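A quick write-up on the structure given underneath.
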Amino acid sequence: MTRLRVDTRRRLGSVEHRADFDLPLAGLTALFGPSGAGKSTLVNLIAGLLRPEHGRIAVGDTVFFDAARGIDLPVHRRELGIVFQDARLFPHLSVGDNLRFGLRRAGERARAPRMPYDAVVALLGLEALLARRPHTLSGGERQRVAVGRALLAQPRLLLMDEPLASLDAPRKAEVLPYIEHLRDAFDLPILYVTHAVDEVLRLASALVLFERGTVVDAGALTEVIAHPAAAALRGGADAGVLVAGAVRDHDPRYGLTTLACEGFALRVPRVDLPPGTPVRLRVPAREVALALSPPDDVSISNRIAGRVEQVLPGPDAPASADVEVRVRVGAGTVLSAMVTRESVERLALAPGLRCWCLIKSVALHADALALARGRALRTGGDAGPAQA
(Lines give C-alpha, C1' and ligand atoms only; values in the text may rest on other atoms or scores of the structure.)
Protein backbone atom coordinates (compact mmCIF):
# COMPACT_ATOMS: atom_id res chain seq x y z
CA MET A 1 0.00 0.00 0.00
CA THR A 2 1.25 3.47 -0.91
CA ARG A 3 2.35 5.57 2.05
CA LEU A 4 2.46 9.31 2.60
CA ARG A 5 5.54 10.41 4.53
CA VAL A 6 5.76 14.01 5.70
CA ASP A 7 8.42 15.60 7.89
CA THR A 8 8.37 19.36 7.28
CA ARG A 9 8.85 22.74 8.92
CA ARG A 10 7.60 26.03 7.54
CA ARG A 11 7.25 29.36 9.36
CA LEU A 12 4.19 31.42 8.47
CA GLY A 13 4.25 34.75 10.27
CA SER A 14 4.61 34.07 13.99
CA VAL A 15 3.55 30.40 13.67
CA GLU A 16 5.82 27.51 12.79
CA HIS A 17 3.96 24.82 10.85
CA ARG A 18 5.26 21.38 11.87
CA ALA A 19 4.17 18.06 10.38
CA ASP A 20 5.77 14.70 11.04
CA PHE A 21 3.83 11.53 10.22
CA ASP A 22 3.84 8.37 8.09
CA LEU A 23 0.46 7.04 6.95
CA PRO A 24 -0.83 4.40 4.53
CA LEU A 25 -2.92 6.02 1.82
CA ALA A 26 -6.29 4.30 1.40
CA GLY A 27 -9.84 5.58 1.34
CA LEU A 28 -10.34 9.07 2.74
CA THR A 29 -7.99 10.64 5.27
CA ALA A 30 -9.37 13.73 7.01
CA LEU A 31 -7.11 16.63 8.00
CA PHE A 32 -9.00 17.97 11.00
CA GLY A 33 -8.59 20.87 13.39
CA PRO A 34 -9.91 24.37 14.06
CA SER A 35 -9.61 27.15 11.51
CA GLY A 36 -6.02 28.35 11.26
CA ALA A 37 -4.55 25.13 12.67
CA GLY A 38 -2.49 24.41 9.55
CA LYS A 39 -4.61 21.98 7.51
CA SER A 40 -4.61 23.94 4.24
CA THR A 41 -0.93 24.74 4.70
CA LEU A 42 -0.16 21.01 4.67
CA VAL A 43 -2.18 20.53 1.47
CA ASN A 44 -0.26 23.38 -0.18
CA LEU A 45 3.06 21.88 0.93
CA ILE A 46 2.15 18.46 -0.49
CA ALA A 47 0.88 20.03 -3.72
CA GLY A 48 4.02 22.13 -4.18
CA LEU A 49 2.14 25.43 -3.88
CA LEU A 50 4.22 26.19 -0.77
CA ARG A 51 7.82 25.16 -0.18
CA PRO A 52 8.92 23.79 3.20
CA GLU A 53 11.93 25.39 4.79
CA HIS A 54 13.17 22.02 6.06
CA GLY A 55 12.28 18.36 5.70
CA ARG A 56 10.92 15.83 3.25
CA ILE A 57 7.64 14.81 1.54
CA ALA A 58 7.20 11.50 -0.29
CA VAL A 59 4.24 9.61 -1.75
CA GLY A 60 5.19 5.98 -2.17
CA ASP A 61 8.56 5.82 -3.90
CA THR A 62 8.25 9.34 -5.35
CA VAL A 63 10.00 12.08 -3.40
CA PHE A 64 8.14 15.36 -3.81
CA PHE A 65 10.51 17.42 -1.68
CA ASP A 66 13.77 16.78 0.13
CA ALA A 67 15.64 19.81 1.45
CA ALA A 68 18.82 17.85 2.17
CA ARG A 69 18.99 16.43 -1.38
CA GLY A 70 17.81 19.56 -3.16
CA ILE A 71 14.65 17.90 -4.56
CA ASP A 72 11.56 20.02 -5.21
CA LEU A 73 9.32 18.34 -7.78
CA PRO A 74 7.27 20.83 -9.85
CA VAL A 75 3.52 20.89 -9.22
CA HIS A 76 2.61 19.37 -12.60
CA ARG A 77 4.91 16.37 -12.03
CA ARG A 78 3.38 15.41 -8.67
CA GLU A 79 0.32 13.92 -10.43
CA LEU A 80 -2.20 15.33 -7.97
CA GLY A 81 -5.82 16.37 -8.26
CA ILE A 82 -6.81 19.41 -6.21
CA VAL A 83 -10.30 20.65 -5.30
CA PHE A 84 -10.55 23.98 -3.47
CA GLN A 85 -13.41 25.70 -1.60
CA ASP A 86 -14.30 27.62 -4.75
CA ALA A 87 -14.74 25.49 -7.87
CA ARG A 88 -12.36 27.60 -10.05
CA LEU A 89 -14.04 26.48 -13.28
CA PHE A 90 -13.32 28.20 -16.59
CA PRO A 91 -16.34 30.49 -17.04
CA HIS A 92 -16.10 30.58 -20.88
CA LEU A 93 -16.17 26.76 -21.19
CA SER A 94 -19.11 24.40 -20.90
CA VAL A 95 -19.21 21.79 -18.17
CA GLY A 96 -18.14 19.15 -20.68
CA ASP A 97 -15.17 21.23 -21.83
CA ASN A 98 -14.15 21.93 -18.22
CA LEU A 99 -14.13 18.19 -17.62
CA ARG A 100 -12.14 17.48 -20.78
CA PHE A 101 -9.53 19.99 -19.62
CA GLY A 102 -8.82 17.53 -16.82
CA LEU A 103 -8.18 14.81 -19.40
CA ARG A 104 -5.75 17.10 -21.24
CA ARG A 105 -3.86 17.62 -17.98
CA ALA A 106 -3.53 13.86 -17.63
CA GLY A 107 -1.27 13.67 -20.70
CA GLU A 108 -0.04 10.12 -21.30
CA ARG A 109 -2.09 8.81 -18.37
CA ALA A 110 -5.25 9.58 -20.36
CA ARG A 111 -4.39 6.80 -22.86
CA ALA A 112 -5.46 4.15 -20.33
CA PRO A 113 -7.39 6.13 -17.71
CA ARG A 114 -8.16 4.56 -14.36
CA MET A 115 -11.09 6.99 -14.16
CA PRO A 116 -12.71 7.18 -17.62
CA TYR A 117 -14.72 10.22 -18.71
CA ASP A 118 -18.08 8.43 -18.89
CA ALA A 119 -17.58 6.76 -15.51
CA VAL A 120 -16.75 10.06 -13.82
CA VAL A 121 -19.71 11.83 -15.41
CA ALA A 122 -22.06 9.06 -14.28
CA LEU A 123 -20.59 8.84 -10.77
CA LEU A 124 -21.06 12.57 -10.16
CA GLY A 125 -24.44 12.81 -11.88
CA LEU A 126 -23.25 15.34 -14.46
CA GLU A 127 -25.00 14.00 -17.58
CA ALA A 128 -27.65 16.73 -17.66
CA LEU A 129 -25.13 19.53 -17.05
CA LEU A 130 -22.58 18.94 -19.82
CA ALA A 131 -23.78 21.68 -22.16
CA ARG A 132 -24.24 24.34 -19.48
CA ARG A 133 -21.84 27.11 -18.44
CA PRO A 134 -20.59 27.45 -14.85
CA HIS A 135 -22.57 30.63 -14.11
CA THR A 136 -25.85 28.69 -14.60
CA LEU A 137 -24.95 26.06 -11.99
CA SER A 138 -25.70 25.92 -8.27
CA GLY A 139 -22.80 25.91 -5.82
CA GLY A 140 -23.15 22.17 -5.30
CA GLU A 141 -23.20 21.50 -9.04
CA ARG A 142 -20.07 23.60 -9.56
CA GLN A 143 -18.23 21.63 -6.88
CA ARG A 144 -19.24 18.34 -8.48
CA VAL A 145 -17.83 19.55 -11.80
CA ALA A 146 -14.61 20.65 -10.06
CA VAL A 147 -14.28 17.19 -8.51
CA GLY A 148 -14.86 15.58 -11.91
CA ARG A 149 -12.19 17.73 -13.57
CA ALA A 150 -9.70 16.79 -10.83
CA LEU A 151 -10.50 13.08 -11.23
CA LEU A 152 -10.09 13.16 -15.01
CA ALA A 153 -6.51 14.39 -14.56
CA GLN A 154 -5.90 10.77 -13.41
CA PRO A 155 -4.14 11.75 -10.16
CA ARG A 156 -2.33 9.38 -7.85
CA LEU A 157 -3.75 11.35 -4.90
CA LEU A 158 -6.76 13.68 -4.61
CA LEU A 159 -6.45 16.73 -2.35
CA MET A 160 -9.73 18.32 -1.26
CA ASP A 161 -9.33 21.59 0.66
CA GLU A 162 -12.62 22.21 2.51
CA PRO A 163 -14.67 21.55 -0.65
CA LEU A 164 -18.00 22.01 1.16
CA ALA A 165 -17.11 25.03 3.31
CA SER A 166 -18.66 27.59 0.94
CA LEU A 167 -21.94 25.68 0.53
CA ASP A 168 -25.13 26.13 2.50
CA ALA A 169 -26.64 23.15 4.31
CA PRO A 170 -28.89 21.93 1.44
CA ARG A 171 -26.06 22.10 -1.13
CA LYS A 172 -23.68 20.40 1.31
CA ALA A 173 -26.21 17.59 1.82
CA GLU A 174 -26.43 17.31 -1.98
CA VAL A 175 -22.67 16.90 -2.49
CA LEU A 176 -21.76 14.65 0.47
CA PRO A 177 -23.20 11.44 -1.06
CA TYR A 178 -21.16 12.02 -4.23
CA ILE A 179 -17.97 12.23 -2.17
CA GLU A 180 -18.94 8.95 -0.48
CA HIS A 181 -19.47 7.30 -3.88
CA LEU A 182 -16.16 8.68 -5.13
CA ARG A 183 -14.36 7.34 -2.07
CA ASP A 184 -15.69 3.85 -2.77
CA ALA A 185 -15.77 3.73 -6.58
CA PHE A 186 -12.10 4.31 -7.43
CA ASP A 187 -8.89 3.07 -5.87
CA LEU A 188 -7.85 6.67 -5.28
CA PRO A 189 -6.63 7.91 -1.88
CA ILE A 190 -8.10 11.23 -0.75
CA LEU A 191 -6.73 13.85 1.65
CA TYR A 192 -9.72 15.86 2.81
CA VAL A 193 -9.38 19.13 4.76
CA THR A 194 -12.27 20.01 7.06
CA HIS A 195 -13.16 21.44 10.44
CA ALA A 196 -16.69 19.96 10.23
CA VAL A 197 -17.26 17.09 12.67
CA ASP A 198 -20.05 15.51 10.63
CA GLU A 199 -17.84 15.26 7.53
CA VAL A 200 -15.07 13.47 9.45
CA LEU A 201 -17.41 10.97 11.10
CA ARG A 202 -19.24 10.23 7.87
CA LEU A 203 -16.37 10.08 5.39
CA ALA A 204 -12.99 9.37 6.97
CA SER A 205 -11.16 6.16 7.74
CA ALA A 206 -7.97 7.87 8.91
CA LEU A 207 -7.26 11.18 10.60
CA VAL A 208 -4.44 13.73 10.71
CA LEU A 209 -5.10 15.92 13.74
CA PHE A 210 -3.89 19.54 13.94
CA GLU A 211 -3.48 21.93 16.84
CA ARG A 212 -1.91 25.40 16.64
CA GLY A 213 0.04 24.72 13.45
CA THR A 214 1.30 21.28 14.44
CA VAL A 215 0.26 17.74 13.56
CA VAL A 216 -0.35 16.24 17.01
CA ASP A 217 -1.49 12.76 15.92
CA ALA A 218 -2.10 10.74 12.76
CA GLY A 219 -3.50 7.26 12.15
CA ALA A 220 -6.71 5.28 12.01
CA LEU A 221 -9.77 7.36 12.91
CA THR A 222 -10.82 4.92 15.61
CA GLU A 223 -7.44 5.37 17.32
CA VAL A 224 -6.77 9.10 16.85
CA ILE A 225 -10.24 10.11 18.03
CA ALA A 226 -9.11 9.35 21.59
CA HIS A 227 -6.56 12.21 21.47
CA PRO A 228 -7.49 15.18 23.69
CA ALA A 229 -7.36 17.50 20.66
CA ALA A 230 -10.12 15.42 19.00
CA ALA A 231 -12.69 16.18 21.70
CA ALA A 232 -15.09 17.72 19.18
CA LEU A 233 -15.26 14.41 17.29
CA ARG A 234 -16.32 12.61 20.47
CA GLY A 235 -19.16 15.03 21.11
CA GLY A 236 -17.45 17.01 23.86
CA ALA A 237 -14.50 17.17 26.19
CA ASP A 238 -15.23 13.75 27.71
CA ALA A 239 -13.03 10.88 26.60
CA GLY A 240 -14.53 8.25 24.33
CA VAL A 241 -13.96 6.34 21.13
CA LEU A 242 -15.54 5.73 17.75
CA VAL A 243 -16.29 2.07 17.01
CA ALA A 244 -16.78 0.72 13.50
CA GLY A 245 -19.31 -2.01 12.86
CA ALA A 246 -22.11 -3.24 10.64
CA VAL A 247 -25.73 -4.11 11.35
CA ARG A 248 -25.86 -7.90 11.84
CA ASP A 249 -29.47 -8.54 12.79
CA HIS A 250 -32.50 -7.23 14.67
CA ASP A 251 -34.34 -8.65 17.68
CA PRO A 252 -37.96 -7.48 17.30
CA ARG A 253 -39.00 -9.09 20.58
CA TYR A 254 -36.80 -6.79 22.63
CA GLY A 255 -36.39 -3.89 20.19
CA LEU A 256 -32.62 -4.35 19.89
CA THR A 257 -30.10 -4.42 17.05
CA THR A 258 -26.84 -6.35 17.08
CA LEU A 259 -23.81 -4.67 15.52
CA ALA A 260 -20.94 -6.88 14.33
CA CYS A 261 -17.68 -5.15 15.17
CA GLU A 262 -14.11 -6.30 14.78
CA GLY A 263 -13.80 -9.26 17.12
CA PHE A 264 -16.88 -8.49 19.23
CA ALA A 265 -20.53 -7.50 18.99
CA LEU A 266 -22.66 -4.77 20.51
CA ARG A 267 -26.38 -4.74 21.32
CA VAL A 268 -27.99 -1.32 20.85
CA PRO A 269 -31.55 0.00 20.76
CA ARG A 270 -33.07 -0.90 17.39
CA VAL A 271 -31.88 1.13 14.41
CA ASP A 272 -33.91 1.11 11.20
CA LEU A 273 -31.09 0.01 8.92
CA PRO A 274 -30.86 -3.22 6.91
CA PRO A 275 -28.35 -5.94 7.84
CA GLY A 276 -24.92 -5.25 6.40
CA THR A 277 -25.17 -1.46 6.69
CA PRO A 278 -21.87 -0.03 7.99
CA VAL A 279 -22.21 2.23 11.00
CA ARG A 280 -20.02 4.15 13.39
CA LEU A 281 -20.84 4.39 17.04
CA ARG A 282 -19.61 6.85 19.65
CA VAL A 283 -18.94 5.08 22.97
CA PRO A 284 -18.43 7.64 25.78
CA ALA A 285 -15.83 6.63 28.35
CA ARG A 286 -18.20 7.36 31.23
CA GLU A 287 -20.63 4.74 29.88
CA VAL A 288 -18.01 1.97 30.16
CA ALA A 289 -17.49 0.08 33.42
CA LEU A 290 -14.78 -2.51 34.06
CA ALA A 291 -14.82 -5.94 35.72
CA LEU A 292 -12.14 -8.56 36.30
CA SER A 293 -14.53 -11.42 35.50
CA PRO A 294 -17.63 -11.60 33.29
CA PRO A 295 -20.62 -10.97 35.60
CA ASP A 296 -23.80 -12.97 34.98
CA ASP A 297 -26.14 -11.22 37.41
CA VAL A 298 -26.20 -7.67 36.06
CA SER A 299 -28.58 -5.91 33.69
CA ILE A 300 -25.80 -4.74 31.37
CA SER A 301 -26.10 -6.50 27.99
CA ASN A 302 -22.69 -5.76 26.50
CA ARG A 303 -19.82 -7.58 28.19
CA ILE A 304 -16.69 -7.46 26.05
CA ALA A 305 -13.41 -9.17 26.90
CA GLY A 306 -10.14 -7.29 26.45
CA ARG A 307 -6.80 -6.34 27.97
CA VAL A 308 -5.77 -3.08 29.58
CA GLU A 309 -3.49 -1.16 27.26
CA GLN A 310 -3.01 2.16 29.08
CA VAL A 311 -3.93 3.81 32.38
CA LEU A 312 -3.95 7.57 31.83
CA PRO A 313 -4.29 10.38 34.41
CA GLY A 314 -7.52 12.37 34.33
CA PRO A 315 -7.64 15.88 32.79
CA ASP A 316 -7.06 17.57 36.15
CA ALA A 317 -4.39 15.25 37.49
CA PRO A 318 -3.15 14.94 40.17
CA ALA A 319 -6.19 16.51 41.84
CA SER A 320 -8.73 14.66 39.69
CA ALA A 321 -10.39 11.51 40.99
CA ASP A 322 -10.83 10.27 37.41
CA VAL A 323 -8.55 7.99 35.45
CA GLU A 324 -8.97 6.93 31.81
CA VAL A 325 -8.32 3.23 31.23
CA ARG A 326 -7.88 2.17 27.62
CA VAL A 327 -8.75 -1.46 26.87
CA ARG A 328 -8.01 -3.23 23.59
CA VAL A 329 -11.02 -5.37 22.69
CA GLY A 330 -10.16 -6.20 19.08
CA ALA A 331 -7.26 -5.95 16.66
CA GLY A 332 -8.35 -2.46 15.63
CA THR A 333 -10.52 -1.29 18.52
CA VAL A 334 -9.62 0.26 21.86
CA LEU A 335 -12.40 1.23 24.29
CA SER A 336 -11.95 3.94 26.93
CA ALA A 337 -13.39 3.69 30.43
CA MET A 338 -13.42 6.59 32.87
CA VAL A 339 -13.08 5.24 36.41
CA THR A 340 -11.90 6.56 39.75
CA ARG A 341 -8.33 6.32 40.98
CA GLU A 342 -9.70 4.30 43.89
CA SER A 343 -11.08 1.71 41.41
CA VAL A 344 -7.75 1.54 39.59
CA GLU A 345 -5.94 0.71 42.86
CA ARG A 346 -8.63 -1.65 44.17
CA LEU A 347 -8.73 -3.68 40.93
CA ALA A 348 -4.98 -3.30 40.34
CA LEU A 349 -5.66 -2.13 36.79
CA ALA A 350 -2.42 -2.13 34.81
CA PRO A 351 -1.31 -2.76 31.21
CA GLY A 352 -1.72 -6.41 30.23
CA LEU A 353 -4.46 -7.21 32.75
CA ARG A 354 -7.43 -9.14 31.31
CA CYS A 355 -10.77 -7.48 32.02
CA TRP A 356 -14.31 -7.03 30.71
CA CYS A 357 -15.85 -3.80 29.44
CA LEU A 358 -19.48 -3.41 30.49
CA ILE A 359 -21.64 -1.07 28.38
CA LYS A 360 -25.36 -0.46 28.81
CA SER A 361 -27.32 -0.90 25.60
CA VAL A 362 -29.47 2.12 26.46
CA ALA A 363 -26.33 4.29 26.49
CA LEU A 364 -25.76 3.50 22.81
CA HIS A 365 -28.87 5.26 21.55
CA ALA A 366 -29.52 6.37 17.98
CA ASP A 367 -27.99 9.82 18.57
CA ALA A 368 -24.61 8.12 19.07
CA LEU A 369 -24.74 6.38 15.69
CA ALA A 370 -23.30 8.03 12.58
CA LEU A 371 -24.16 6.27 9.32
CA ALA A 372 -21.12 5.53 7.18
CA ARG A 373 -21.77 3.90 3.84
CA GLY A 374 -19.27 1.92 1.80
CA ARG A 375 -15.81 0.96 2.92
CA ALA A 376 -15.02 4.05 4.98
CA LEU A 377 -13.95 1.93 7.92
CA ARG A 378 -13.18 -1.76 8.00
CA THR A 379 -16.12 -3.56 9.60
CA GLY A 380 -16.07 -6.77 11.58
CA GLY A 381 -18.51 -8.99 9.76
CA ASP A 382 -17.03 -12.08 11.40
CA ALA A 383 -17.74 -11.02 14.97
CA GLY A 384 -18.98 -13.80 17.18
CA PRO A 385 -22.30 -13.92 18.95
CA ALA A 386 -23.32 -10.98 21.07
CA GLN A 387 -21.98 -11.15 24.57
CA ALA A 388 -25.34 -10.51 26.18
Within region 179-210, track down each residue that is modelled with pLDDT of 90 or more and surrounded by fewer than 22 Cβ atoms within 10 Å (Cβ to Cβ). 188, 194
I'd like to check which helices (runs of 4 or more DSSP H) are fully inside region 164-251 and have at least 3 residues that are touching a helix residue (DSSP H, G or I) at 6+ places or on another chain (Cβ under 7 Å). 169-185, 197-203
Does residue 12 meet the test of being closer than 30 Å to residue 133 by Cβ, in contact (Cβ under 8 Å) with a residue 60 or more places away in the chain and over 18 Å from the mean Cα position of the chain (by Cα)? no
Exactly one of 285, 246, 226, 232 is closer than 25 Å to residue 206 by Cα and surrounded by fewer than 17 Cβ atoms within 10 Å (Cβ to Cβ), and that residue is 232
So if I check each of 262, 309, 287, which one is under 17 Å from residue 241 (Cβ atoms) and modelled with pLDDT of 90 or more? 309
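Given 266, 203, which one is touching a residue at least 12 places away in the same chain (Cβ under 8 Å) and in the same structural domain as residue 158 (by TED's automatic domain parsing)? Walk me through how you get there before you give the answer.
Numbers: 266 fails: in the same structural domain as residue 158 (by TED's automatic domain parsing).
Only one candidate passes the filter, namely 203.
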Scan of region 54-112 for residues that are free of Cβ contacts under 8 Å to residues at least 24 places away in the same chain and either buried (at least 19 other Cβ atoms within 10 Å of the Cβ) or not assigned by TED's automatic domain parsing to the domain that holds residue 11 (or both), ordered by number: 64
Residue 158 passes all but one of (1) modelled with pLDDT under 90; (2) of a type outside the set (Gly, Ala, Ser); (3) within 22 Å of residue 89 (Cβ to Cβ); which number fails? (1)
Among the residues of region 255-283, write down those that are β-branched (Val, Ile, Thr) and either over 26 Å from residue 231 (Cα atoms) or more than 24 Å from the chain's Cα centre (by Cα) (or both). 257, 258, 277
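Determine, yes or no, whether residue 309 is assigned by TED's automatic domain parsing to the domain that holds residue 255 and part of a helix (DSSP H, G or I). Working first, answer last.
Numbers: assigned by TED's automatic domain parsing to the domain that holds residue 255: yes; part of a helix (DSSP H, G or I): no.
Spelling it out, it is not the case that residue 309 is assigned by TED's automatic domain parsing to the domain that holds residue 255 and part of a helix (DSSP H, G or I).
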Restricting attention to region 21-80, which residues are more than 17 Å from residue 216 (Cβ to Cβ), part of a loop (DSSP other than H, G, I, E, B) and within 25 Å of the chain's Cα centre (by Cα)? 25, 26, 27, 48, 49, 50, 60, 61, 78, 79
Considering each residue of region 123-163, count those that are farther than 27 Å from residue 38 by Cβ, in a loop (DSSP other than H, G, I, E, B) and either of a type outside the set (Ser, Thr, Tyr) or in contact with an Asp or Glu (Cβ under 6 Å, 6 or more places away or on another chain) (or both), and give that number. 9
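Within the bounds of region 40-61, is there any residue that is more than 18 Å from residue 5 (Cβ to Cβ) and out of contact with any helix residue (DSSP H, G or I) (no Cβ under 9 Å at 6 or more places or on another chain)?
Restricting attention to region 40-61, the residues satisfying the condition of being more than 18 Å from residue 5 (Cβ to Cβ) are 40, 49.
Cutting the leftovers down to out of contact with any helix residue (DSSP H, G or I) (no Cβ under 9 Å at 6 or more places or on another chain) gives us 40.
Checking region 40-61: at least one residue is more than 18 Å from residue 5 (Cβ to Cβ) and out of contact with any helix residue (DSSP H, G or I) (no Cβ under 9 Å at 6 or more places or on another chain).
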When you check residue 198 against the structure, is it closer than 30 Å to residue 111 by Cβ and within 21 Å of the chain's Cα centre (by Cα), yes or no? no
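The values are calculated or read from the model by the stated rules, or taken from the named source; none is laboratory data. What you see is a predicted model; the values in this text were computed from it and never measured. All Cβ positions, glycine included, derive from the backbone under ideal geometry; neighbour counts span all protein chains shown.
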